[in-house]
Amino acid sequence: MSSDVLTALGALAASGSGDSYETPTPAEFWWPLWGGYDNPWAFTRPSLVLLLSVGLIAWWLVASTRKAAVVPSKGQWITEQVYGLVRNSIAKDVIGSHDFLKFVPLLFTMFTLILVNNLFGIIPPIQYPTMSRIGFPMALTLIVYVVYHVVGFRKHGFAGYLKSMIPGGLPKAVLPFIFVLEFITYYVTRPLSLCLRLFGNMFAGHLLLLLFITAGDYMLLHGSIGMKLVSVGSYAMAFVMTAFEILVEFLQAYIFTLLTATYIASSLADEH
Amino acid sequence: MLGGNIAILGYGLSAIGPGIGIGLIFAAYINGAARQPEARGMLQSIAILGFVLAEALAIFGLVLAFVFKAA
């Protein structure tokens, strides 16, 4: 991890040094640790962060529930609160009390994994939101995509599932148009927006932090005396945006889980 | 010398609609919660759901701004 941090600091210094300020670009998010810079299969920094988060979540969940008691310890209480949020206010409220239970493990995994990975975006030694590389939200979305379609096909059958996409009570003339629209919604818009929302929020937020911090760094070290004063404002904005990022990170983990539950619920719904 | 990419303007345009939409959604949520405080929990998840659906367009704009590089 330490060499990782050193390269990060090196890159920050590099982008802030020289005669002119270079604004951060999407290329700053490419961090191969092993396998070479041009290798698309390189083991990258977000891969390491993801592995770390999986280990951390597994350790935390086992440690906080191994000695589960009726009167919970602090750790068990936190785990129970998070589990309760996912189970009751996401899964049960959205999917319905009849068959929400078998989706709780999926939703809980999604929520904890995304939450921890998002929070890693601002936790100092790591400071890389995994989901700002589009491959990671894509993989998560692929799981959700397969799950809600399989659930729908199993429940309604092939023709029944396609039919269940159309809301009832429509005049016959508009049915084909509505079917095309709903088909696009189910197969294109939903996975695309689910994936891009998580990616876009994490990417944009991190890019903004990068901009304020590297700009403050540049103005402080290379600017005139007036610029040095302005850099205080830049750092203050970086601080404010970091606080805002915490909110966004929680919200995105919640939203991803909520939408997963919503999509599963709409595949399971009997009639529109 | 100001450099940049005209595709970013597309993001600015695509943020207008969601900005108005999200404003309307939360205005309705605040109205509802003020009139009926006990419905707050239920309204909150509906408001967030509406918010993310409206936000999707802005996110598309943001991503496409980086995808399409102007020459």
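What to note about this one:
- Annotation: amide H-H contacts under 5 Å for A:LEU33 (H modelled 1.01 Å from N, sequence separation of 5 or more, or interchain): A:PHE43, A:THR44, A:ARG45.
- Value of relative contact order over chain B, rounded to a whole percent, pairs C-alpha under 8 Å and six or more apart: 55 percent
- Note on B:ALA7/A:LEU85: beta-carbon distance plugged into 1/(1 + (r/R0)^6) with R0 of 41 Å gives a FRET efficiency of 0.60.
- Interface size B-A, as summed buried accessible area [1.4 Å probe, Å², nearest 100]: 1200 Å²
- Taking Cα atoms only, the orientation of helix B:7-35 departs from the longest principal axis of chain B by about 10 degrees.
- Relative contact order of segment A:104-168, pairs being alpha-carbon contacts under 8 Å that are 6 or more residues apart, as %: 15 percent
- Here the relative contact order of chain A, from alpha carbon pairs under 8 Å that lie six or more residues apart, stands at 26 percent.
- At a probe radius of 1.4 angstrom, the accessible area of chain B per residue rounds to 66 square angstrom.
- A 1.4 Å probe run over the protein chains yields, for segment A:120-272, 48 Å² of accessible area per residue, whole-number rounding.
- Surface composition of the protein assembly as shown: carbon and sulfur atoms hold 73% of the protein heavy-atom accessible area at a 1.4 Å probe.
- With respect to chain B, whose longest principal axis is taken over its alpha-carbon atoms, helix B:40-67 is tilted by about 0°.
- The GluC sites (Glu not before Pro) of segment A:178-272 that meet both conditions, a loop assignment by DSSP and at most 10 other Cβ atoms within 10 Å of the site Cβ, are A:GLU271.
- Among the chymotrypsin sites (Phe, Trp or Tyr not before Pro) found in segment B:30-71, those both in a DSSP coil and sparsely packed, with 12 or fewer other Cβ atoms within 10 Å of their Cβ, are B:PHE68.
- Two tests apply to each whole DSSP H helix in chain A, Cα reach of 24 Å or more along its axis and mean Kyte-Doolittle hydropathy of at least -0.5, and the ones passing both are A:45-65, A:135-156, A:190-222, A:225-268.
- In segment A:180-213, burial by the other protein chains removes 40 Å² or more of 1.4 Å probe accessible surface, compared with the chain on its own, from A:LEU196, A:ARG197.
- Length added when fully stretched, A:LYS92-A:LEU175, from 0.36 nm per residue minus Cα-Cα: 26.7 nm
The values are calculated or read from the model by the stated rules, or taken from the named source; none is laboratory data. No experiment lies behind these values; they were computed from the predicted model shown. Heads up, the Cβs are rebuilt from the backbone with ideal geometry, glycines too, and the neighbour counts pull from every protein chain shown. SASA here: full protein model, heavy atoms, side chains in, ligands and nucleic acids out. Shrake-Rupley method; radii C 1.70, N 1.55, O 1.52, S 1.80 Å.
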